[in-house]
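Working notes, structure below.
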Amino acid sequence: MPQMDIPFLSINVTMPVGTSLEETNRVASQFEDILNDIPEIEITSSWIGLSEATQYDVAYGTMSAGVNQAQVMGKLVERNARKRSAQEIIEDIRKKIPHIEGATIEFVDMGGEMFGGGGGPPINVKIFGKDLSLLKRISEQIASQIKDVKGIKDIDTSLRHGKPELQIRIDKEKAALFGLTVYQIGQEVRTATQGRTASRFREMGEEVDILVEFRNEDVKDIKDIENIPIVTPLGKCILLKQVAEIVLTEGPVRIEREEQNRKVSVTANIEHRDLGSVVRDIAKEIEPIKKTFPSGYSIEFGGEYEQMKETFITLGIAFILAIVLIYMVMTAQFESFVHPFVIMFTMPLAAVGVIWALFITHKAVSMPALMGVIILAGIVVNNAIVFIDYTNRLRKKGLEMCEALVLAGKTRLRPILITAFTTILGMLPMALSRSQGSEMRSPMAIVVMGGLFVSTLLTLIVIPLIYTIFDDLAQKIRVRTKKVIHGDEGKNRV
């Protein structure tokens, strides 16, 4: 999809794990102040942490899910009321954002989110494997390797710093000596730290849970956890540290899977470059890293690149079907296999115009451009149909082939030019449009205009030449076929 100029911008801010809600709110307020100073922004808003209003969006990965995450949004004035594009405004905001230690800042592609792109960053390098620590190391290597690729912005990894946690590693052999199981020890630790409902207090038809737990000051550090008393089945009281080791470590915030494989993603945004060339440069940069991968680890490109490949395949199949159907219809109308084949040569001529038009307008090959190619396939053959049909009529009246071609060219030049330039001029406002959403419409119009213009100019030159070649070839085939079928029968009769 082409990059859209949407009158909305969204910034995702992720503070280090463990950041308080107040600190996240303070940082989000700084971003709001920056957005409020931009003259093209008329409304700002922010969401911090998880709320009932955003819980469903969190499931789709479009909103913040923790107190260390915030999303700041801005509403721009309409396109015709501002001189700068949305991308230029985003670059201005990017320069004004202060450096925040440990924070990850990501600008969301609102155009991609609204027009089927999913809203995620266009670059998404997916790393598959089993060991999370190794996946994290590989993702950090890739992020560091691709940071100098031209056009790359906002590089991030999905496996960020984990949440701090205490891991209680129970020695089963020691626990068995005291007659304890892992479950029993776990229940005692849970009662001490989170509490356990021992009974219910009933009064006036109402029930209130009676929660038994340690006081907060009794479980405030690791030593307190190590000294949690556990009663054995024999009635003896021991300490947790006698049967377990307590380790302070980090746990993953989330574990992503795709097709039952663990996955870590390296994402990035693109600036002033097309998706295909950026992906090729990234592939070159990470090739040395891929060679060091252990068995069972692999890399794939997802995000918009994966969608681009699927779109190109789908539209390619649609284009082939369009060509087949056009040829079948013309074969039935002309009652010939040769003349429709000659007419189909207008499509390579149109391809020249398509490439030329996209090149001079600096437009990338996108889904709207490919849709324009499919539309062009049905339009571009009209001029050749008019020309070939009139040539055949003249030959049926007794004119020689060359004379019929010249006369058909003179006679049909005017209607061919009228129909072609009517279509081209009709597409001109769409191609030159700079209104909201023109990024989706203009590539389609440019492709149709460029292909039709070049094919119209070349039809009266190339198509007569191809017609002559194939007609001579068909005559030779007919003569040889008669000789094979009839042999010298004609001479014997004489």
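The values are calculated or read from the model by the stated rules, or taken from the named source; none is laboratory data. Model, not experiment: these values are computed from the prediction. Don't worry about glycine lacking a Cβ; one is built from the backbone with ideal geometry, like all the others, and counts go over all protein chains shown.
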Open item on the list: Condition (residue is polar (S, T, N, Q) and outside the structural domain of R393 (by TED's automatic domain parsing)) applied to segment 293-301: is it met by at least one residue?
Closed with: yes
Task: Matching residues, segment 285-304, being under 13 Å from V266 (Cβ atoms), part of a helix (DSSP H, G or I) and within 17 Å of the chain's Cα centre (by Cα) - done: G303
- [ ] Scan segment 200-223 and report the pairs whose first residue is farther than 15 Å from R190 by Cα and whose second residue is in a strand (DSSP E or B) and polar (S, T, N, Q), with Cβ atoms within less than 6 Å and a gap of 6+ or a chain change.
- [x] D209/T197; I210/S199
Task: Any strands (runs of 3 or more DSSP E) falling wholly within segment 169-234 and containing at least 1 residues that are within 53 Å of the chain's Cα centre (by Cα) and hydroxyl-bearing (S, T, Y) - done: 196-203
- [ ] Using the structure shown, decide if L428 is closer than 14 Å to I388 by Cβ and hydrophobic (A, V, I, L, M, F, W, C).
- [x] no
Open item on the list: Anything in segment 17-52 that is surrounded by fewer than 13 Cβ atoms within 10 Å (Cβ to Cβ) and either acidic (D, E) or outside the structural domain of K83 (by TED's automatic domain parsing) (or both)? List them, or say none.
Closed with: E22, D33, D37, E52
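For (1) among the polar types (S, T, N, Q); (2) at pLDDT below 80, each residue gets a yes or a no:
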site	(1), (2)
N124	yes, no
D148	no, no
H161	no, yes
Q167	yes, no
A175	no, no
T193	yes, no
Task: Pairs with Cβ under 7 Å, 6+ apart, first in segment 408-432 and farther than 28 Å from P464 by Cα, second surrounded by fewer than 19 Cβ atoms within 10 Å (Cβ to Cβ) - done: M430/R441
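Each row is one residue, and each column tells you yes or no for (1) more than 27 Å from M367 (Cβ to Cβ); (2) in contact with a strand residue (DSSP E or B) (Cβ under 8 Å, 6 or more places away or on another chain); (3) modelled with pLDDT under 80.
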residue	(1), (2), (3)
M1	no, no, yes
M4	no, no, yes
P7	no, yes, yes
V13	yes, yes, no
L21	yes, yes, no
R26	yes, no, no
I38	yes, yes, no
D57	no, no, yes
S64	yes, yes, yes
Open item on the list: All but one of (1) hydrophobic (A, V, I, L, M, F, W, C); (2) farther than 27 Å from D471 by Cβ; (3) buried (at least 16 other Cβ atoms within 10 Å of the Cβ) hold for V381; state the number of the condition that does not hold.
Closed with: (2)
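Filter segment 258-275 for residues that are of a type in the set (K, R) and more than 10 Å from G151 (Cα to Cα) and give the result. Steps first, answer last, please.
Let us first name the residues in segment 258-275 that are of a type in the set (K, R), namely 262-263, 273.
Selection gives R262, K263.
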Task: Any pair with Cβ under 7 angstrom, 6 or more apart, that starts in segment 330-359 at a residue that is more than 24 Å from L370 (Cα to Cα) and ends at one that is part of a loop (DSSP other than H, G, I, E, B) - done: T331/F337
Open item on the list: Quick check on my filter: what residues within segment 349-377 are buried (at least 19 other Cβ atoms within 10 Å of the Cβ) and among the hydroxyl-bearing types (S, T, Y)?
Closed with: S366
